[in-house]
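Below is one structure, written out as structure tokens; the observations come after it.
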Amino acid sequence: MTRFRSGMTLAIGCVWMSLPLALSHAQAPGAELAKLRTSYIEQLDKINKAADVAVTNLQSQYVQSLIALQKSFQEQGQLEPLLIIRKEQTRFIFTPKIEEAHLSADVPELKTVQVNYRKAVEGLPVKKARDTISLADQYKKALTGLQEKLTKAGNLDAAIEVKTEAEGIEKRPEITAARFTVADAEAKNPPEPPKEEPKPAATNAVPAKKAVLTAPKKKYTGKAENYIRQRFNDLCEVLLKQDMDSAVKFVDPGTVEEQGTDRVRKQLRWTLPFLKWTDQPGVKLSAGDIEVDDKEETATVIPKVWANNQWHEMNKSAWTQVEGDWFLVLGDAPAPQEEKPPRPARPFKPKHGGR
């Protein structure tokens, strides 16, 4: 009898010792769901913060563009446009937003900067919405994978919990708002319907061969990145010589044809604000990092300026390939911000939170 009781005690002890291990396995599915949910929340927070930073950067870039414009008109001795731009800068610092009524009717260069700023700001909510939707799709895909895994393992209660989480994604307020934002943007700017080719008329004549479209022959060999770097350095060379006529030849031909040489010459001064240092002794210009898209149609270049015995990186400048050659793009984005000017400047801090 004693041996029987001793054996029973030992068996019960084994059961209690194995229970925590069983419980830990039962909690594992819930831990996986919690981990996915936490990751989703963290990534969503990053998207929101990135959108806020983008607005602040655009505001700062706009102010820097106004400063560059004022410098340009000052060098030309034009007081009236300079005062108009200064007034706009003061207004924007206190109320950092640009409405239709704020667009300048007297200074075309200012209006161009304002229009570009508005376009850039209007695109930020759409980008944030698309990023949010993409994150939700990834979250849903991960939940679906976890649901299948739990179902195969026989953890049906946990699988149902994951299924409920996945089905509730579309009901989350941030997803509802994001889909509305994207749908509204697409309704305002619907994609153009594909053009239908006219059907050939019935005829017994032998159909003519279709012309074969070929890409324009490149005017360079080797990597596009190396050629763009050389083009940028050649542009810097003529800029250091204050040869604006030669500099215009590096600008997108379509822009030059549309706006004229004189206006493009002025645009170069506020699109590339570092030009104001080219008349200082010892200043050097060079290309930093270069990024080329996979199709080799567009690229971005980070200009570098040597001043005060150190290199300073500027904001990206855009380049495009036209007829096999690479050209600088003007007017498609707000003028670049001078991220690290040779002399420290007071940082731009809007006093009100408008966007």
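The values are calculated or read from the model by the stated rules, or taken from the named source; none is laboratory data. Every value quoted in this text rests on a predicted model; they were computed, and no experiment measured them. Here Cβ is always computed from backbone atoms with ideal geometry, including for glycine, and neighbour counts include all displayed protein chains.
For segment 131-165, what are the residues that are surrounded by 15 or more Cβ atoms within 10 Å (Cβ to Cβ), polar (S, T, N, Q) and assigned to a helix (DSSP H, G or I)?
Within segment 131-165, Thr132, Gln147, Thr151 meet the criteria.
Among what's in segment 121-138 and is at pLDDT below 90 and not β-branched (Val, Ile, Thr), pick the residue that is nearest to Lys97 (Cα to Cα). First the steps, then the outcome.
Initial filter on segment 121-138 (at pLDDT below 90): 121-123.
Subsequent filtering for residues that are not β-branched (Val, Ile, Thr) retains 122-123.
Values: Glu122: 11, Gly123: 14 Å.
Of everything passing the filter in segment 121-138, Glu122 is nearest to Lys97 (Cα to Cα).
Taking the criterion of being surrounded by fewer than 12 Cβ atoms within 10 Å (Cβ to Cβ), over 25 Å from Ala50 (Cα atoms) and at pLDDT below 90, would at least one residue in segment 168-185 satisfy it?
no
Among Lys111, Lys128, which is in the same structural domain as Gln43 (by TED's automatic domain parsing), assigned to a helix (DSSP H, G or I) and either among the aromatic types (Phe, Trp, Tyr) or surrounded by fewer than 16 Cβ atoms within 10 Å (Cβ to Cβ) (or both)? Can you show your working first?
Numbers: Lys128 fails: either among the aromatic types (Phe, Trp, Tyr) or surrounded by fewer than 16 Cβ atoms within 10 Å (Cβ to Cβ) (or both).
On inspection, the qualifying residue turns out to be Lys111.
If you scan segment 311-330, which residues turn out to be surrounded by fewer than 21 Cβ atoms within 10 Å (Cβ to Cβ) and of a type in the set (A, V, I, L, M)?
Across segment 311-330, the qualifying residues are Ala318, Val322, Val329.
Determine which member of the set Ala211, Ala224 is out of contact with any Phe, Trp or Tyr (no Cβ under 7 Å at 6 or more places or on another chain), crowded, with 16+ Cβ neighbours inside 10 Å and either among the hydrophobic types (A, V, I, L, M, F, W, C) or modelled with pLDDT under 80 (or both).
Numbers: Ala211 fails: crowded, with 16+ Cβ neighbours inside 10 Å.
Selected residue: Ala224, the only one of Ala211, Ala224 that is out of contact with any Phe, Trp or Tyr (no Cβ under 7 Å at 6 or more places or on another chain), crowded, with 16+ Cβ neighbours inside 10 Å and either among the hydrophobic types (A, V, I, L, M, F, W, C) or modelled with pLDDT under 80 (or both).
Here is a list of conditions, (1) over 25 Å from Pro81 (Cα atoms); (2) modelled with pLDDT of 75 or more, and Gln267 meets all of them except one; can you say which number that is?
Every condition holds for Gln267 apart from (1).
Within segment 68-81, take every residue that is surrounded by 18 or more Cβ atoms within 10 Å (Cβ to Cβ) and without any contact (Cβ under 8 Å) to a residue 40 or more places away in the chain and give me the one that is nearest to the chain's Cα centre (by Cα).
Residues of segment 68-81 that are surrounded by 18 or more Cβ atoms within 10 Å (Cβ to Cβ), as a first pass: 68-70, 72-73, 81.
Next, only the ones that are without any contact (Cβ under 8 Å) to a residue 40 or more places away in the chain stay: 70, 73, 81.
On the way: Gln70: 27, Phe73: 30, Pro81: 31 Å.
Per the criteria, the residue is Gln70.
Being hydrophobic (A, V, I, L, M, F, W, C) and surrounded by fewer than 18 Cβ atoms within 10 Å (Cβ to Cβ) is the filter; apply it to segment 52-62 and report the residue that is nearest to the chain's Cα centre (by Cα). It would help to see each step written out before you state the result.
Start the filter on segment 52-62 by keeping residues that are hydrophobic (A, V, I, L, M, F, W, C), which leaves 53-55, 58.
Next, only the ones that are surrounded by fewer than 18 Cβ atoms within 10 Å (Cβ to Cβ) stay: 53-54.
Numbers: Val53: 12, Ala54: 9 Å.
Among residues in segment 52-62 that are hydrophobic (A, V, I, L, M, F, W, C) and surrounded by fewer than 18 Cβ atoms within 10 Å (Cβ to Cβ), the one nearest to the chain's Cα centre (by Cα) is Ala54.
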